[in-house]
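Read the structure below first, then the notes.
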Amino acid sequence: MPHPRTPEADVDPEFLARWSPRAFRPDPLTPAQLASLFEAMRWAPSCFNEQPWRLVYGLAGEPEHARITGLLVEANQLWASKAPLLLVLFNRRNFSHNDRPNRTAAFDLGAAWMSLALAAHKLGLYSHAMAGFDTTRAYTELGADPAIYEVQAAVAVGAIADPDTLPEKLRAREAPSGRNPQASFVFHGQLPPA
Ligand SMILES: Cc1cc2nc3c(=O)[nH]c(=O)nc-3n(C[C@H](O)[C@H](O)[C@H](O)COP(=O)(O)O)c2cc1C
């Protein structure tokens, strides 16, 4: 069996080396690492350069970290509670220059999240996004007016730990995953009939 992370074409190894582990070491991030991760997000491209991404973070040991942990579904709490940095990502719904809906705000936030994920890996850290959390409570508990902001995902960041540190049921899943072939999503000129 080929390794699940085998590329079909030449690609920078960083794209394959980033993956989403669940075993995190509790070692705190330095302020410089934190600033570097956020700086990578800052330079993401966005429609009208609106930069609609917003994030709320908490560091292990702080009530802010416990608050984000409390929003996660139990299956995510099991492992993400150990990560030294937890984030919740929002996009601003409307453009600031005309208050009209920003159709690509989530797309732009996605670009910023991937910047963070790749920057984390360059720093020797790992990130793991999560949709499994209570979005209703995320608005109220993190001070986000749902008329203005849309919550998208939570993210755990930290150094990777030995899989043995995970609860047994998560250990077997602790491996980089594969991908569908390019031919499943790349089409020349037109999409095929659905
Ligand atoms: C928006 C988003 C939501 C996700 N939600 C969860 C989640 O709630 N729990 C979880 O364990 N993994 C979650 N994941 C991780 C994905 O399962 C993982 O990224 C995917 O399987 C690809 O694996 P890789 O990131 O290791 O390449 C999420 C990823 C993304 C991008």
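The values are calculated or read from the model by the stated rules, or taken from the named source; none is laboratory data. Just so you know, these numbers come straight off a predicted model, no measurement behind them. Cβ coordinates were reconstructed from backbone atoms using ideal geometry, including for glycine residues, and neighbour counts include every protein chain displayed.
Here are some notes:
- Scoring residue 44 on the criteria (1) within 16 Å of the ligand (Cβ to nearest atom); (2) among the hydrophobic types (A, V, I, L, M, F, W, C); (3) surrounded by fewer than 19 Cβ atoms within 10 Å (Cβ to Cβ); (4) in a helix (DSSP H, G or I) leaves a single failure, condition (4).
- Checklist (1) in contact with a helix residue (DSSP H, G or I) (Cβ under 6 Å, 6 or more places away or on another chain); (2) within 16 Å of the ligand (Cβ to nearest atom) applied to residue 75, failing item: (1)
- Residue 4, sole failed condition from (1) within 16 Å of the ligand (Cβ to nearest atom); (2) crowded, with 17+ Cβ neighbours inside 10 Å: (2)
For (1) touching a Leu at 6+ places or on another chain (Cβ under 9 Å); (2) at pLDDT below 95; (3) within 21 Å of residue 38 (Cα to Cα), each residue gets a yes or a no:
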{"position": "95", "(1), (2), (3)": "no, no, no"}
{"position": "98", "(1), (2), (3)": "no, no, no"}
{"position": "109", "(1), (2), (3)": "yes, no, yes"}
{"position": "118", "(1), (2), (3)": "no, no, yes"}
{"position": "122", "(1), (2), (3)": "no, no, yes"}
{"position": "158", "(1), (2), (3)": "yes, no, yes"}
{"position": "169", "(1), (2), (3)": "yes, yes, no"}
{"position": "180", "(1), (2), (3)": "no, no, no"}
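- Some residue of the stretch 140-150 being of a type outside the set (Val, Ile, Thr), more than 13 Å from the chain's Cα centre (by Cα) and either within 13 Å of the ligand (Cβ to nearest atom) or part of a strand (DSSP E or B) (or both): yes
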